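Take a look at the structure set out below.
The values are calculated or read from the model by the stated rules, or taken from the named source; none is laboratory data. Quick caveat, the model's predicted, so the values are computed rather than measured. Note: ideal-geometry Cβ built from the backbone for every residue, glycine included; neighbour counts use all protein chains shown. Just so you know, the surface numbers come from the protein's heavy atoms only, side chains and all, with ligands and any DNA or RNA stripped out. Shrake-Rupley method; radii C 1.70, N 1.55, O 1.52, S 1.80 Å.
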Amino acid sequence: MDERMGPQGGGLDPRAELSEFLRTRRARLKPQDVGLPDLGRHRRVPGLRREELAQLAGVSVAYYTRLEQGNGRNVSAEVLDAIARALRLSDAEHAHLTHLARPGRRRKRPEPRTRQARPALRQLLDAMETVPAYVVGRRSEILAWNRMATAVFGDWGALPAQERNWARLVFLDPAQRELFVEWEQKACDMVAYLRMDAGRHPDDPALSALVGELSVKSEEFRTLWARHDVKEKSHGAKRLRHPLVGELTLLWESFRPAGEDEQSLVTYFAEAGSPSAEALRLLGSWNADAPADGSRTPAA
């Protein structure tokens, strides 16, 4: 289990998460990266010192030290903005820092462990007959998918409900290591997405359980989780090594459906006229009779 779990494993400890996030962001910067002179003296810690970071952010060393120790109570948005600039944070990292330092009120009732994609989204998936697409929710849960997603990524409908989870598949399913040519990058991205979720929902026991399970079962996950990298789903390209059609390159785009802050519709496509487009066409024709799982609630 991750040592930063909250009491009784009920969630991640926001204070510890804030402290470790700031430490890791500070450690990756060198004085010359931020326009400070490197005096060549022996540095006991990697990256910037606390006093250097405080100077760049325009706050006192004592104030920044308290913040890095996890005490973000009453910190202003202006101070967080200044620290984000000093640390050269990305937009996703800036948002994550804000979530950790200024968490919203805890929910009075725990949310369901798994939400469902609404029927209209399932119908949309089925209508996308030539495009591999799926809906992913919080904690990287795969909520719905279409026939083409099954053709490319495998038969998620044959898995138990708790195993329909991208993070579990990436780190615990050997077939995924074969499928993704650049598996290491896929693994890094997956952990970064989970970190964003953890910042938004530090008191989510199901997310804590997932992190704990993967930390126990995968040394690679433990190593990546300790880096505290964060990222939002957006777009990119993936190279796959498919067992039927060989290597193909697919572009992907992620969309947030209206009214769904915690679900994303992810679509894959190939450049027109490319060998990958022909490979997708072949997969679609071979998989034409497969059930369209995105149009119904997957069996538990």
Of the residues in the range 177-189, those that are open to solvent by 10 Å² or more (accessible area, probe 1.4 Å) and in contact with a helix residue (DSSP H, G or I) (Cβ under 8 Å, 6 or more places away or on another chain) come to Arg177, Leu179, Trp183, Lys186, Cys188
Odd one out for Asp204 among (1) over 19 Å from Leu250 (Cα atoms); (2) surrounded by fewer than 18 Cβ atoms within 10 Å (Cβ to Cβ); (3) of a type in the set (Asp, Glu): (2)
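Tell me the residue from Arg241, Arg281 that is out of contact with any strand residue (DSSP E or B) (no Cβ under 9 Å at 6 or more places or on another chain) and surrounded by fewer than 18 Cβ atoms within 10 Å (Cβ to Cβ), please.
So the residue among Arg241, Arg281 that is out of contact with any strand residue (DSSP E or B) (no Cβ under 9 Å at 6 or more places or on another chain) and surrounded by fewer than 18 Cβ atoms within 10 Å (Cβ to Cβ) is Arg281.
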Among the candidates Ser215, Ser140, Ser208, which residue alone is within 18 Å of the chain's Cα centre (by Cα) and on the phi > 0 side of the Ramachandran plot? Ser140
Filter the range 48-70 down to residues that are touching a residue at least 40 places away in the same chain (Cβ under 8 Å) and open to solvent by less than 60 Å² (accessible area, probe 1.4 Å) and give me whichever is farthest from Leu29 (Cα to Cα). Gly70
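Just the residues that are in a loop (DSSP other than H, G, I, E, B) and open to solvent by less than 20 Å² (accessible area, probe 1.4 Å), please, taken from the range 217-238.
Of everything in the range 217-238, those that are in a loop (DSSP other than H, G, I, E, B) and open to solvent by less than 20 Å² (accessible area, probe 1.4 Å) turn out to be Ser218, His228, Val230.
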Evaluate the following for Leu214: is it farther than 20 Å from Ala92 by Cα, crowded, with 19+ Cβ neighbours inside 10 Å and at pLDDT 95 or above? yes
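Please determine, by comparing only the residues of the range 47-89 that are acidic (Asp, Glu) and within 26 Å of the chain's Cα centre (by Cα), which one is modelled with the highest pLDDT.
Asp81
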Which of the residues that make up the range 262-277 are assigned to a strand (DSSP E or B) and open to solvent by 10 Å² or more (accessible area, probe 1.4 Å)? Leu265, Thr267, Phe269
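Here's the yes/no breakdown for (1) surrounded by fewer than 21 Cβ atoms within 10 Å (Cβ to Cβ); (2) touching a Gly at 6+ places or on another chain (Cβ under 9 Å); (3) modelled with pLDDT under 95; (4) part of a strand (DSSP E or B):
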| site | (1), (2), (3), (4) |
| --- | --- |
| Leu97 | no, yes, yes, no |
| Gly104 | yes, no, yes, no |
| Thr114 | yes, yes, yes, no |
| Arg122 | no, yes, yes, no |
| Glu129 | yes, yes, yes, no |
| Val135 | no, yes, no, yes |
| Arg168 | no, no, no, no |
Consider only pairs whose beta carbons are under 7 Å apart and that are at least six residues apart or on different chains; among these, list those whose first residue lies in the range 155-167 and is within 13 Å of Ser140 (Cα to Cα) and whose second residue is part of a loop (DSSP other than H, G, I, E, B) and at pLDDT below 90. Ala161/Pro298; Ala161/Ala300; Arg164/Pro298
Quick test of your reading of the structure: Ala158 fulfils all but one of (1) open to solvent by 10 Å² or more (accessible area, probe 1.4 Å); (2) at pLDDT 95 or above. Name the failing condition by number. (2)
